[in-house]
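Reading through the structure tokens given below for one structure.
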Amino acid sequence: MCDYSLSAVKTRPAKVDDKLTTRLFGWSTRGFAASEDKNVAVCLLPGIELSFAEEVRKVRSWPWRSVVGHKTAIFRKINQNNPTVHHDALEFPDGQMVLLTLLEEGQQATVLQLPVTHEGARTPEPEKAKVS
């Protein structure tokens, strides 16, 4: 659920209405910290919807702009075929994807909605072959 780079950090799953803050964990990985404890990384499932208090900002890296231009995003997992790169990303309304580790620290976000899961849904049983 959390990026592999947060494996040495205490974590917990996200809940609706969680107040999160972007934070640097260790020396190179940014993620979301829990409001009740800045040392706890909050793990998001793909499809979780977030609302930010302000327009999302990336770490400044000239000449690219640092403001993404949106206050809402959907959490995604990318680069799944490469185990040694960051996988946590945000997808913005214009389709832009930004790795979570590239966001500026200190940004406030709220979990709006958890992804729809199909837990508890019955899987149809396969039809039995008819014997003649």
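The values are calculated or read from the model by the stated rules, or taken from the named source; none is laboratory data. What you are looking at is a predicted structure, and each value in this text was computed from that prediction instead of being measured. When we count neighbours, we look across all protein chains shown, and the Cβ atoms used for this are built from the backbone with ideal geometry, even at glycine.
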G69, sole failed condition from (1) surrounded by fewer than 17 Cβ atoms within 10 Å (Cβ to Cβ); (2) modelled with pLDDT of 90 or more; (3) within 17 Å of E55 (Cα to Cα): (2)
The one condition in (1) at pLDDT 90 or above; (2) in contact with an Asp or Glu (Cβ under 6 Å, 6 or more places away or on another chain) that D3 fails to fulfil: (1)
Criterion violated by T101 - all others in (1) under 16 Å from C2 (Cα atoms); (2) free of Cβ contacts under 8 Å to residues at least 40 places away in the same chain satisfied: (2)
Hey, F25 under 13 Å from the mean Cα position of the chain (by Cα), surrounded by 17 or more Cβ atoms within 10 Å (Cβ to Cβ) and of a type in the set (F, W, Y) or not: no
Enumeration of residues in the range 1-21 that are closer than 19 Å to N82 by Cα and in a loop (DSSP other than H, G, I, E, B): M1, C2, D3, S7
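State whether the residues of the range 22-35 include one that is closer than 24 Å to L112 by Cα, in a loop (DSSP other than H, G, I, E, B) and modelled with pLDDT of 90 or more.
Within the range 22-35 (the criterion being closer than 24 Å to L112 by Cα, in a loop (DSSP other than H, G, I, E, B) and modelled with pLDDT of 90 or more), the answer is no, since none of the residues qualifies.
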Selection count, the range 56-108, where residues are more than 20 Å from A34 (Cα to Cα), in a loop (DSSP other than H, G, I, E, B) and of a type in the set (D, E, K, R): 3
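How many residues does the range 40-65 contain that are out of contact with any helix residue (DSSP H, G or I) (no Cβ under 6 Å at 6 or more places or on another chain), over 12 Å from V111 (Cα atoms) and at pLDDT 85 or above?
Going residue by residue through the range 40-65, those that are out of contact with any helix residue (DSSP H, G or I) (no Cβ under 6 Å at 6 or more places or on another chain) are 40, 42-57, 60-65.
After this cut, where a residue has to be over 12 Å from V111 (Cα atoms) as well, the list is 40, 46, 54-57, 60-65.
With the extra rule that they be at pLDDT 85 or above, the set shrinks to 40, 46, 54-57.
Result for the range 40-65: 6.
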